[in-house]
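Input: a single structure, listed below in structure tokens.
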Amino acid sequence: MSSKEKLIINHTIDEEDNATLILSGDLDVQTAPQLKRFIDSLIREGRENLKVDLSQLSYLDSSGFGVLVNAKRLTDETRCSFNLSNMPVWMTEFFDLSILER
């Protein structure tokens, strides 16, 4: 995908009101605000458990990483859970020393 690709956020809400987001495309300086708004809206709606599937993400920069870190902090403050799943191998260096790995 080129840097002009957009971020696509597919999501489901299960019967227990847990949200699962499946991200595809690029999570970068241009698309990070879109994800931030989406996560903020889920938290405002009262979703207590958020899971983010990264398997289809093709690009991540520090802006996108920052949104994920801030989402973790926000969910910790609101006593929600925030989990990342299916992280591609190429993405692990962003997370090796971060709070999101724990």
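Please treat every number below as a calculation from the coordinates, not as lab data. All values reported here derive from a predicted model rather than from experimental measurement. So basically every Cβ, Gly included, is an ideal-geometry build from the backbone, and we count neighbours across all protein chains shown.
With a cut-off of 16 Å on the backbone N, no residue of the stretch 7-40 is near the modelled label site 7 Å out from D96 along Cα-Cβ. In the list [x] 63, 41, 29; [y] 68, 24, 21; [z] 36, 27, 21, the label attached to Cα extents along the principal axes in Å as derived from the coordinates here is [z]. Of S24, Q34, M91, which is farthest on the positive side of the dipole of the chain, counting Cα position, with +1 on Lys and Arg Cβ, -1 on Asp and Glu Cβ, and the Cα centre as origin? Farthest along the dipole direction, towards plus: Q34. Take every pair of alpha-carbon atoms less than 8 Å apart whose residues are at least six positions apart; their mean separation over the length of the chain yields a relative contact order of 27 percent. The magnitude of the dipole of the chain, with charges of +1 and -1 set on the Cβ of Lys/Arg and Asp/Glu and taken from the Cα centre, is near 280 debye. Between Q30 and S62, the simple label model (points 7 Å from Cα in the Cβ direction) yields a spacing of 2.0 nm. Within the chain, antiparallel bridges make up roughly 30 percent of the DSSP beta bridges whose residues both belong there.
Between D40 and V69, the modelled labels are 1.9 nm apart [label points 7 Å from Cα along Cα→Cβ].
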